[in-house]
């Protein structure tokens, strides 16, 4: 397995911070920049999408009055070597919450999820290659 450096951990976490910032703030270009060209996102409902669909969601996010109040919050964040030993990939697992303000001033936790992902180094940048998002409880879908 290839070495996992502190610098890689920081850069990978920053990639995810930039992705959720782009989602939360309606930045489709910023969202797209976080993914490889062949990225695959498997959502909790089993639907499969890619970077283009993530960008579409980011663009639409602020135009919905409830979605505009939603924010992604990343919590526990783990980076490990790629299970297959690929030197340019890392496994990333983390929890995230999505809060919502549909009835101000109350802030609700809309979703509690975890992600089990693969990132790949492309031209020196860590990009999201595969995401699998799971709800902590299917009843919250």
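Every read-out reported here was derived from the displayed coordinates using simple, explicitly stated rules and does not represent laboratory data. Given the structure is predicted, the values throughout are model-derived calculations rather than measurements. No Cβ is skipped: glycine too gets one built from the backbone with ideal geometry, and neighbour counts run over all protein chains shown.
The table for this structure:
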item: Where labels lie 7 Å past Cα in the beta-carbon direction, separation of residue 114 and residue 88 in nm; result: 3.0 nm
item: C-alpha long axis of helix 51-60 to longest principal axis of the chain, angle in °; result: 30 degrees
item: Estimated FRET transfer efficiency when R0 is 22 angstrom, pair residue 13-residue 141 (beta carbons, to 0.05); result: 0.20
item: Highest-MSF residue in the chain out of 106, 14, 83 [GNM, Cα springs under 10 Å]; result: 106
item: Residue order, fewest to most surrounding Cβ atoms within 10 angstrom, among 48, 133; result: 48, 133
item: Cβ-based exposure ranking for 118, 6, in which fewest neighbours within 10 Å come first; result: 6, 118
item: Mean ellipticity per residue at 222 nm, deg cm²/dmol - from DSSP H runs of n ≥ 4 across the chain, formula -39500 (n - 2.57); result: -7500 deg cm²/dmol
item: Distance-filtered residues of the range 39-56 - backbone nitrogen under 11 Å, label point 7 angstrom along residue 122 Cα→Cβ; result: 39-40, 51-52
item: Part-to-part distance (alpha-carbon centres) for the range 3-45 and the range 88-118, which is given in Å; result: 13 Å
item: Percent RCO, i.e. relative contact order, over the chain, from Cα pairs under 8 Å lying at least 6 residues apart; result: 24 percent
item: Cα-based helix-to-principal-axis angle, 6-24 vs the chain, degrees rounded to 10; result: 30 degrees
item: Percent breakdown of C-alpha pair distances by 10 Å bin, ordered from the shortest bin, for the chain; result: 12, 41, 34, 11, 2
